[in-house]
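J.: Below is one structure. I have some questions about it.
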Amino acid sequence: MMNTLIEIKNLVKTYDSGEVQVQALKGVNLSIPKGDFVAIMGASGSGKSTLMNILGCLDIPTSGDYILDGVEVKSMNRNELAEFRNKKLGFVFQSFNLLTRTSVIDNVMLPLLYNKTIPESERAERCHKAIDMLGLTSRAKHYSNQLSGGQQQRVAIARSLVGNPLVILADEPTGNLDTTTSNEVMAIFQNLNEKGITIVLVTHEPDIAAFAKRKVVFKDGNIISDELLTPKS
């Protein structure tokens, strides 16, 4: 398929745990087209977090193929992977992962410091654009620890956007937020998806998964269901 952005073929991941081998992924196949919004669900130990680590180029499979934007990921060395990850992917985490005694704008700037292809003159412009998009302009010079949880997650989302990623990988992004703030954050993800950004989201909450276009459920290292959704608004 010409519009396929992520292609997973017969993906296996095995961990050595002492004398026991644990197979976290058991030959998973998954295609994600450009512009999709996929929620990945499953119980603890189902394989969903392992998959996200591989999608984020933070771990490598034991066997099988992972093709992102037409590139076979296993063909790259560690430095190439780091550069590829920085250019293609944006990350949003449950715990925000912000530098606490650092301003909003400096937190958002962080990924650009590792991307030598973006001129220094363009970095501030990108940061201000992302901060404005997330409604944080009035907070740009505040430290992240002076913000509410919802505002901190908005900063994390802005940070994920500054590199113009093809994919945002969001791991339990509403796990530390109340229901109202969670819904606001998910509305932001929907808006970004409407702008063409592909989003892959891990969540254990059905109400959060309902904001996506598609739900993929893992159990014991396998995909047990893959269904299209009518996104909640």
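J.: Report yes if Lys48 is charged (D, E, K, R) and over 13 Å from Val200 (Cβ atoms), otherwise no.
T.: So Lys48 fails the test.
J.: Would you please name the residue that is farthest from the chain's Cα centre (by Cα), looking only at residues in segment 107-127 that are surrounded by 17 or more Cβ atoms within 10 Å (Cβ to Cβ) and closer than 13 Å to Arg159 by Cα?
T.: Arg123
J.: So, restricting to helices (runs of 4 or more DSSP H) that lie completely within segment 129-215, which ones have at least 2 residues that are surrounded by 20 or more Cβ atoms within 10 Å (Cβ to Cβ) and either within 13 Å of the chain's Cα centre (by Cα) or without any contact (Cβ under 8 Å) to a residue 40 or more places away in the chain (or both)?
T.: 149-161, 179-194
J.: Can you tell me which residue among Asp59, Asp65 is within 27 Å of Asn164 (Cβ to Cβ) and part of a loop (DSSP other than H, G, I, E, B)?
T.: Within the list Asp59, Asp65, the selection yields Asp59.
J.: Okay, next question. Has segment 56-74 got at least one residue that is under 20 Å from Ala158 (Cα atoms), touching a helix residue (DSSP H, G or I) at 6+ places or on another chain (Cβ under 9 Å) and either surrounded by 16 or more Cβ atoms within 10 Å (Cβ to Cβ) or in contact (Cβ under 8 Å) with a residue 24 or more places away in the chain (or both)?
T.: Checking segment 56-74: at least one residue is under 20 Å from Ala158 (Cα atoms), touching a helix residue (DSSP H, G or I) at 6+ places or on another chain (Cβ under 9 Å) and either surrounded by 16 or more Cβ atoms within 10 Å (Cβ to Cβ) or in contact (Cβ under 8 Å) with a residue 24 or more places away in the chain (or both).
J.: Can you say whether Asn3 is without any contact (Cβ under 8 Å) to a residue 60 or more places away in the chain and on the phi > 0 side of the Ramachandran plot, as far as the supplied structure shows?
T.: In short, no.
J.: Mind checking which residues of segment 216-231 are touching a Gly at 6+ places or on another chain (Cβ under 8 Å) and either free of Cβ contacts under 8 Å to residues at least 24 places away in the same chain or not in a loop (DSSP other than H, G, I, E, B) (or both)?
T.: Listed by number, the residues that qualify are Val217, Phe218, Lys219, Asn222.
Quick note: the coordinates plus some simple rules give every number you see, no bench work behind them. Note that the coordinates shown come from a computational prediction; the quantities given were computed from them, not determined experimentally. Neighbour counts run over all protein chains shown; Cβ positions are idealised from the backbone, glycine included.
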